[in-house]
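Reviewing the structure listed below.
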Ligand code: PMP
Ligand code: GLN
């Protein structure tokens, strides 16, 4: 075929850094502190519930927006933990991971020429989704070491064409948790300029000595916010790919229109299992949170024995670590040499920045790993 086959909109798209680094970890037989997923299993009782669902014939298509019992459980926990009211029938859509919730939300609202504000470092699917929708990503930097943003820079990034701000808190890759004050600044600008806010809260329950505040709880925000989360993080089962989008009815209806043509419906037995899992959230969460707090501290302490300087995360399961001066050309050089020579895979975060160079002096490390993997992985950062 002579004619160019691929669509223009995918011209700028390469392979995700997570897939690239996991592949290298396998190739070089390296410890994988790169891609964000637990290397231990989620609860057995959730797996048993999925099997029960399969055995009782829950194996055909679910309703497109998801089974009602799961949507009700999500609505209940949003009320219980955040005092947010989402109508289970009309305002919650179950998707193939948070990834699909983000994609379907961006496709539902962004069209050719619309500008979308992203904080950098960003989760890599955001700019790609915006570009797929024909939109234009605009970047606002989170500056280290505390990853704060400049409110002026944010306001200056807003133009007549701006349609949406994408927020992620707790934040991947920095571990930042946006404060109430920061959320109020974003909210005030969103209201003033009549913008939508798409908030990715997949690490909502992974906070350490800090509080996760959904931006939808800030006055005037509920009607303009689309909130996204995922069972992959909350129950440590990323491979089951069950996520969800929550928004007021008008917005949710638009997202559902896209969702029906992307996946139509997602895995039925897993939805049943997670409906049960959410019903046990209050008894499950304390142990889960302690597990990750201990892993975070283990990695931070282990890092102190190396020349890499960990930046204490307040949320998520990632630590950004400063690369020792003069040892490497940049983060990509460090990540490449570490996986090949030291047999430890990390993520070079410069790929999550479009404006600032700040990512070039850090590496992202994932601590959702067995204690042995954490200790051996961090030991491998020594020279
Ligand atoms: N958003 C963020 C910030 C993430 O870190 C991830 C996955 N690690 C996702 C979305 C995707 O979630 P899911 O696996 O449920 O698609
Ligand atoms: N979100 C995971 C991370 O940050 C990776 C998910 C993926 O590979 N798509 O590492």
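The values are calculated or read from the model by the stated rules, or taken from the named source; none is laboratory data. None of these values were measured; they are calculated from a predicted model. So basically every Cβ, Gly included, is an ideal-geometry build from the backbone, and we count neighbours across all protein chains shown.
What the table below lists for this structure:
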{"read-out": "Some residue of the range 340-349 being in contact with a strand residue (DSSP E or B) (Cβ under 8 Å, 6 or more places away or on another chain), part of a strand (DSSP E or B) and either within 16 Å of ligand 1 (Cβ to nearest atom) or on the phi > 0 side of the Ramachandran plot (or both)", "value": "yes"}
{"read-out": "Test: residue 286 is at pLDDT 95 or above, more than 16 Å from ligand 2 (Cβ to nearest atom), buried (at least 22 other Cβ atoms within 10 Å of the Cβ) and closer than 15 Å to residue 81 by Cβ", "value": "no"}
{"read-out": "Per-region count, the range 114-129, residues closer than 19 Å to residue 194 by Cβ and crowded, with 22+ Cβ neighbours inside 10 Å", "value": "3"}
{"read-out": "Considering residues of the range 2-24 that are within 16 Å of ligand 1 (Cβ to nearest atom) and touching a residue at least 40 places away in the same chain (Cβ under 8 Å) only, the residue surrounded by the most Cβ atoms within 10 Å (Cβ to Cβ)", "value": "21"}
{"read-out": "Qualifying positions in the range 350-383 - in contact with a strand residue (DSSP E or B) (Cβ under 8 Å, 6 or more places away or on another chain), under 28 Å from residue 153 (Cβ atoms) and in a loop (DSSP other than H, G, I, E, B)", "value": "353, 354, 355, 356"}
{"read-out": "Odd one out for residue 321, checked against (1) closer than 20 Å to residue 383 by Cα; (2) without any contact (Cβ under 8 Å) to a residue 40 or more places away in the chain; (3) buried (at least 18 other Cβ atoms within 10 Å of the Cβ); (4) in contact with a helix residue (DSSP H, G or I) (Cβ under 8 Å, 6 or more places away or on another chain)", "value": "(2)"}
{"read-out": "Index of the failed condition, residue 34 passing every other in (1) touching a strand residue (DSSP E or B) at 6+ places or on another chain (Cβ under 7 Å); (2) more than 16 Å from ligand 2 (Cβ to nearest atom)", "value": "(2)"}
{"read-out": "Residue satisfying all of: in the range 188-203; within 23 Å of residue 129 (Cβ to Cβ) and out of contact with any strand residue (DSSP E or B) (no Cβ under 6 Å at 6 or more places or on another chain); nearest to ligand 1 (Cβ to nearest atom) among these", "value": "189"}
{"read-out": "Those residues of the range 234-261 which are within 16 Å of ligand 2 (Cβ to nearest atom) and either modelled with pLDDT under 95 or surrounded by fewer than 18 Cβ atoms within 10 Å (Cβ to Cβ) (or both), in sequence order", "value": "239"}
{"read-out": "Boolean, residue 196 is away from ligand 2 (no atom under 16 Å from the Cβ) and either surrounded by 17 or more Cβ atoms within 10 Å (Cβ to Cβ) or at pLDDT 95 or above (or both)", "value": "yes"}
